[in-house]
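Note sheet for the following structure.
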Amino acid sequence: MEEKNFTPREIVSELDRFIIGQKNAKKSVAIALRNRWRRRKVADDLQDEIVPKNIIMIGPTGVGKTEIARRLAKLAQAPFIKVEASKFTEVGYVGKDVESMIRELVEISVNLVRDEESAKVAAKAAFHAEERLLNILLPGSKDDGLSDTVEVQTSSADGLEKTATALKKADTRERLGKLLREGKLNERTVEVETHSRSSMPSIEVVAAGSIDEMNANLRDMFSGLMGSGKKERRMKVQEALEYLKHEEAARLIDMDDVKKRAIERVEQNGIVFLDEIDKIARSAASGSGHGPDVSREGVQRDILPIIEGSTVATKYGLVRTDHILFIAAGAFHSAKPSDLIPELQGRFPIRVELDSLSKNDFVRILKETDNSLLKQYEAMMKTEKLSLEFADDAIDEICEVAAEVNSQLEDIGARRLHTVMEKLLEEVSFEAPDMKDVKVLVDRPYVQKHLSDIVKNRDLRKYIL
C-alpha cells in the first residue's frame, strides 16, 4: 500500500482530531510528510539527493510530542518506532547497539505488510479454512467421489447405491457448513493438525547487535532443528477456524515479496521517534571529558551515521537509512539543542517549541478530541450497564484541579488528567458492577466532594503519576 497523498492542511486537520494546540509542531511534521510525496514525484536522478528534513521537538512532557509523531505515522501508514535515546547510555553506550532501532523498525514493517496482504486474501483463506474444518468434522466427505457423482453409472445397483451415498454426504456437508457459518458448532471440540516451524532451518547472517538480539536470531536459525513437524491439538471449533484461517493466509502470501516491500517501505516511509534526546546532550554545567558525558557523546556519534545515512544489516536484508525521517524530542531543561554535537545538530534542521498546556487546553482536550478521557470512561462504564454523564461545570472543575496540580508540582501536561480522572471515578469504578441501569451525573459538587483532599488540603504529593 502506497503512502497516502495528504496535503499539509489535511494532515494538520487530521492531527487536530487527537491533539489540541501545538500548531507549529503540526505544521512542521505536515510539511515533512508532504515533502516525502514530493520527492517521489521528482526525476529519479534528484530523488536520492533530496534528504528528509529531520525535526527536534522541544517541550515538557505530556504536551503531545510523541502523539504527534505516532498519529503522523498512522496517517501515512508508515512503519514507526519510538526509541528512548537515554537507554543507549544505561550500561555504557556499547551496551545497547543503536542499529537495533532500524532492525526493530524493519520487523514492524514486515508485520504491517504481512497484515495488509492477509487482509487481501482473507476471503480466500476463510473459504479454505472452512473446507479443511469440514473435512475434520465430516471425514471422507470431500474425497469420496462427490465431484464425480454425475458420471457414476446408475444402471447397476452398486452405481445407484454409490450415487445415493455421495449425495447424502454432500447434503450433510452442506448442512454442516451452514451450522458452522452460523456459529452453532463453536463449542464443539476438534483435533487439528498443527505445524511447527519449517524443519529446514534457514541460516542467516547474524548482524552485530546486542546479546538479546543475537540470542533471538540464533533461536530463529535453529528453531527448525528441534520440535519441528506435525502435532495434533484439541481446540474448540471457533478457535480451530481462526487458526486455520491464519495458516491458509500464510500459505497464500509470498513472504519473499513481503520482505522486499517491507524493506522498501522502511527506506522510503519509515519514521523513527527519538525521545529524550536531551538526555544524551552534554550540558555546559556538567563540564566535559569525564563521567557519563563521554558516554553521552559516544551515543551521539553512534547515532549520527544512521541519521546521516548508512546501511544496516537485518535478518530480512540490508536497509539504507538515507531517507528515514527522524523526529527527536526532549524537554531540554538542563541542556539546550546547541549542547548536542555540531554534526548531529546539522542533521536536525527544523526545531519546534511546544507550549505548556493551560486549563483551557485541558478543557478542549476533554471535550474536542476523538479519543478523550471522558469518552473512554463513558464507554467503559457502559460495559457495566452504567450510564456516566459529565456536566460542563464538572469538566471545568476537573481541568482547574489538573492545572493547579501541574503548577504546584512537576508539570506533566495532559497526563495529569489521567491522575485526576482516576481519583475522581475511583468509587464509581469499584461499585459499577453493582450499579446496573443506574445513571451517574458528574457535576461540580460531585468533583469537589471526591477531590476534596486535593482541593482543600493541597497536599498533592501522593497524586503524582
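The values are calculated or read from the model by the stated rules, or taken from the named source; none is laboratory data. All values derive from a computational prediction rather than experimental measurement. Accessible surface areas use protein heavy atoms only, side chains included; no ligands, DNA or RNA. Shrake-Rupley method; radii C 1.70, N 1.55, O 1.52, S 1.80 Å.
Tabulated data for the structure shown
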| read-out | value |
| --- | --- |
| Hull shadow area, averaged, segment 1-62 [alpha-carbon convex hull, nm²] | 5.4 nm² |
| E187, E14, reordered so the largest accessible area comes first (probe 1.4 Å) | E187, E14 |
| Rounded to whole Hz, the Karplus (6.51, -1.76, 1.60) HN-Hα couplings of segment 29-40, x for glycine and proline | 6, 5, 5, 4, 5, 5, 4, 5, 4, 4, 4, 5 |
| Cross-link pairs K65/K359; K23/K82; K120/K231; K184/K439 - those with Cα-Cα distance over 26 Å | K120/K231; K184/K439 |
| Under 5 Å, built H, 5+ apart or other chain: amide partners of D322 | S310 |
| Inter-part distance where segment 337-357 and segment 45-80 are each reduced to a Cα centre, Å | 14 Å |
| Solvent exposure, largest accessible area first (probe 1.4 Å, DNA, RNA and ligands not counted), of F348, F18 | F18, F348 |
| Calculated from backbone phi, Karplus (6.51, -1.76, 1.60) coupling profile of segment 273-281 in Hz, x at Gly/Pro | 9, 9, 8, 6, 5, 5, 6, 9, 7 |
| Under 5 Å, built H, 5+ apart or other chain: amide partners of A328 | I55, I56, M57, L274 |
| Using θ = phi - 60° and Karplus 6.51 cos²θ - 1.76 cosθ + 1.60, couplings along segment 113-128 (whole Hz; Gly, Pro as x) | 5, 4, 5, 5, 5, 4, 5, 5, 9, 4, 5, 5, 5, 5, 5, 5 |
